[in-house]
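The values are calculated or read from the model by the stated rules, or taken from the named source; none is laboratory data. Nothing here was measured: the structure is a model prediction, and the numbers come from that model. Neighbour counts are summed over all protein chains in view; Cβ atoms, including those assigned to glycine, are modelled from backbone coordinates with ideal geometry.
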Amino acid sequence: MIYTLGDSFTKWYWPTWSDWLGKYLDQPVTNLAYSGFTNELIYYQLMNLKSQLIKSDKIYIMWTGSNRVCEWYDKEYVDQQDCAGFFPPTNGNLWFTAKTPWQGLYKTRPDHLPSLTEMIINNFDIVLKTQWLLDSVGCDYQMMFWQNPWLDTRDTFVPIYQSNWEQRQGITKSELQNAMSILDLPLVSNMLQSINWQRFACAPDNRTNPRQYLGLREFAMSDRELVLLNHNSDPHPNTLAHHDWTVRYLVGGANHHRDLAHELAVSTQDLPIPNYDFVECIVGSGIQLCNLL
């Protein structure tokens with residue numbers, strides 16, 4: 001079985017790298033990604049799946065960035081903080097809730113968000129824990145980033161909500177300074193040395209150089225043809241960018257479907273994108289995709 005995990009960069013309204021992977025490998029792919037997923041959710045999703053995984057399975061993960069985090073809640077905390085109104089209208093049914101309402105995983109409240117340093121270190125820790133998890137199963141796996149993980153892609157919540165990842169074109173001076181200060185921490189150095197970078201697509205040649213950490217976002221912005229085919233309003237990489245990423249990093253250079261990918265990128269530039277939010281992935285419905293392949 002082939003499993004893919006991630007957020008909206010892995011499951012969206014047009015074919016993503018996950019869809020192109022299945023088309024090139026001519027095998028069914030179980031796409032477990034959802035819009036709004038955090039790296040914690042990806043890790044716990046795999047942990048929840050562990051008993052079903054076997055050595056012949058192949059796992060592909062596209063990690064999201066430092067723009068969203070989750071934590072575990074219970075009813076005592078929700079009552080003490082009087083914050084039930086923050087959660088979606090699912091009667092206390094959070095991620096991984098079993099029998100006890102309000103006991104489960106959900107995104108961290110905006111007024112309780114951790115520091116950027118915490119988000120970045122936590123994300124690398126999740127990568128390492130996931131590596132250990134999959135190594136214990138013995139299955140094959142490959143990881144990749146959606147975007148340079150050292151960037152500050154945190155959402156803005158005041159005075160109005162605004163996502164910021166789509167505005168990032170490269171690492172800024174302040175982000176680089178923060179990254180270098182994090183890299184100076186011995187535990188972070190040990191963590192990065194423990195990550196098996198051979199398991200990463202588009203891995204940095206020098207893991208101590210934050211500029212070399214690149215993902216699908218940077219890849220999609222590096223080619224004028226890909227940029228010109230972007231959706232007229234939605235910032236997610238178009239399906240040709242997903243296709244070319246798959247060809248370059250996941251399927252060994254096979255390139256049989258590029259004309260189809262180009263055609264689909266053109267035809268979806270005006271595709272209506274409905275409003276979406278984190279409630280969709282909490283209730284498990286996910287986003288409704290266009291079945292274009």
Does Lys23 satisfy the criteria of being of a type in the set (Lys, Arg) and within 22 Å of Ser233 (Cβ to Cβ)? no
Taking Gly170 as meeting all but one of (1) touching a Leu at 6+ places or on another chain (Cβ under 9 Å); (2) without any contact (Cβ under 8 Å) to a residue 60 or more places away in the chain; (3) surrounded by 13 or more Cβ atoms within 10 Å (Cβ to Cβ), write down the number of the exception. (3)
Show the residue pairs that are 6+ apart or on different chains and have beta-carbon atoms under 7 Å apart, the first residue being within the stretch 122-134 and closer than 20 Å to Leu185 by Cβ, the second being surrounded by fewer than 19 Cβ atoms within 10 Å (Cβ to Cβ) and hydroxyl-bearing (Ser, Thr, Tyr). Leu128/Ser194
Taking into account only those residues within the stretch 37-86 that are among the aliphatic types (A, V, I, L, M) and assigned to a strand (DSSP E or B), which is nearest to the chain's Cα centre (by Cα)? Met62
List the residue pairs whose Cβ atoms are under 8 Å apart, where the first residue sits in the stretch 191-214 and is of a type in the set (S, T, N, Q), the second is surrounded by 14 or more Cβ atoms within 10 Å (Cβ to Cβ) and assigned to a loop (DSSP other than H, G, I, E, B), and the two are 6 or more positions apart or on different chains. Gln193/Arg207; Gln212/Pro204
Might you let me know whether the stretch 120-143 holds any residue that is in contact with a helix residue (DSSP H, G or I) (Cβ under 7 Å, 6 or more places away or on another chain), assigned to a loop (DSSP other than H, G, I, E, B) and either closer than 25 Å to Tyr3 by Cβ or β-branched (Val, Ile, Thr) (or both)? no
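Quick one: is Phe157 farther than 30 Å from Met1 by Cα and at pLDDT below 90? So that I can check it myself, show each step before the final result.
Details: farther than 30 Å from Met1 by Cα: yes; at pLDDT below 90: yes.
Yes.
Yes/no matrix, rows are residues, columns are (1) buried (at least 18 other Cβ atoms within 10 Å of the Cβ); (2) small (Gly, Ala, Ser); (3) in contact (Cβ under 8 Å) with a residue 12 or more places away in the chain:
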residue	(1), (2), (3)
Trp14	yes, no, yes
Thr38	yes, no, yes
Asn48	no, no, yes
Ser51	no, yes, no
Trp95	yes, no, yes
Lone unmet requirement of (1) assigned to a helix (DSSP H, G or I); (2) under 18 Å from Pro15 (Cβ atoms); (3) free of Cβ contacts under 8 Å to residues at least 24 places away in the same chain for Val247: (3)
Counting only residues that are within 22 Å of the chain's Cα centre (by Cα), at positive phi and in the same structural domain as Gln269 (by TED's automatic domain parsing), give me the helices (runs of 4 or more DSSP H) lying completely in the stretch 148-229 with at least 1 of them. none
